[in-house]
Amino acid sequence: MTVVAFDFDGTLSDSEMTVLLGDRRGVAADMDEITERAMNDEIEYAESLRKRAALLEGLPQVEADAAFDEVVLREGAADLIEELNEAGVTTAILTGGFERGVAAALEREGVSVDHIVSNRLPMADDELTGTVDGPLIEGTKDDALAALADDVGVDLADTVAVGDGANDLPMLEVAGLAIGFEPKPAVEPHCDVVVTSMAEARETLLEEAVLAER
C-alpha cells in the first residue's frame, strides 16, 4: 500500500483555473504572467495566489461556475486514477487550485480520489470577493503529504508525488518517488523521473511496482 499524490493544474489537468476565471473577468493575460512567475519560483506562491484572486474581485458566481465547468482532466488521467484506486493505492490531489474546479473535472470523468486538499475562492452577494482561503496558501504540500501518509499508516519514503511547478517542490523533495510532469526548469533537477504524458507516468508506476500489469 502506498500514497500517490498529484498536483492538479499543469499535471492532472492542462487547464489553469485562474486563467479560465480570468478570461471571464478580462484579466487572463495578467493571471498568466503571475502564474508563470510563481511556477518558475520567481515570486512566492502565496503572494501570487493572492494577486490572482484580487484580480477576480466582482466576478459573478454564474461566471465562476461556468469557468470551473471548463476544467478538464488531461488524456489518460482518469484511467490512471481509476487503476490506482482499483490497486488499493491511496490517491490524493494536493493543489493550490480550487476545490470547485477539481470536483467538476473529476465528476465529468466519473472518477474520484481518496483525498483532495485545495483552496477556495469565497463569495459574497453572489460575487467573488477577491480573496482566497484554504490550507495550501501559506501551507505547503510536504506537510499535506506527510499528514496524509501518517493518516493512512504509510512511511513518507513510500509515497509518490507527481507535479510540475515550484509549489510542488516541497512534496517532490520529501516523497519517496518524485515524478515531474513536464516540470518547469527550476523543478526538474528535483525530480527522480520526468514524464510528458499520463501513459509515461503509468509506466513509471509499473516499473516502481506501485502498479502491476493487468
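The values are calculated or read from the model by the stated rules, or taken from the named source; none is laboratory data. Here the structure is a predicted model, which means the values were calculated and not measured. Quick reminder, even Gly has a Cβ in these numbers, built from the backbone with ideal geometry, and neighbours come from all protein chains shown. When the accessible area is computed, the model is the full protein with side chains, heavy atoms only, and any ligands, DNA or RNA have been set aside. Shrake-Rupley method; radii C 1.70, N 1.55, O 1.52, S 1.80 Å.
List of remarks:
- Counting protein heavy atoms only, the chain has 43 percent of its accessible area on carbon and sulfur, 1.4 angstrom probe.
- At R0 = 22 Å, FRET efficiency that the Cβ-Cβ distance of ALA209 and ASN85 yields, to 0.05: 0.80
- Under 5 Å, built H, 5+ apart or other chain: amide partners of ILE116: ILE93
- Sites GLU127 and GLU75, calculated FRET efficiency, Cβ-Cβ separation with R0 25 Å, nearest 0.05: 0.15
- Alpha carbon Rg of region 12-57, scaled by the compact-globule rule 2.2 N^0.38 Å: 1.06
- GLN61-ILE116 FRET efficiency (beta carbon distance; Förster radius 22 Å; 0.05 resolution): 0.60
- Average Cα contact separation per residue, the chain, under 8 Å, 6 or more apart, as relative contact order %: 24 percent
- When Rg and Dmax are taken over the Cα atoms of the chain, they come to 16.5, 51 Å.
- Couplings 3J(HN,Hα) for region 114-126, derived from phi with the Karplus relation 6.51 cos²θ - 1.76 cosθ + 1.60 (θ = phi - 60°), are 6, 9, 10, 10, 8, 9, 9, 10, x, 10, 8, 6, 6 Hz, where x marks Gly and Pro.
- Rounded D (µm²/s) - region 37-141, Kirkwood Rh over Cα pairs, Stokes-Einstein at 25 °C, 0.890 mPa s: 164 µm²/s
- Compactness index (Cα Rg / 2.2 N^0.38 Å), region 42-100: 1.52
- Accessible area per residue, Å², region 1-154 with all protein chains present, probe 1.4 Å: 44 Å²
- Dmax and Rg, reported as Rg then Dmax, of region 127-214 (C-alpha, Å): 14.7, 48
- Over region 63-134, relative contact order from alpha-carbon pairs under 8 Å, at least 6 apart, %: 31 percent
- 3J(HN,Hα) along region 83-89, derived from phi through the Karplus expression 6.51 cos²θ - 1.76 cosθ + 1.60 where θ = phi - 60°, amounts to 5, 5, 4, 5, 7, x, 7 Hz, with x in place of Gly and Pro.
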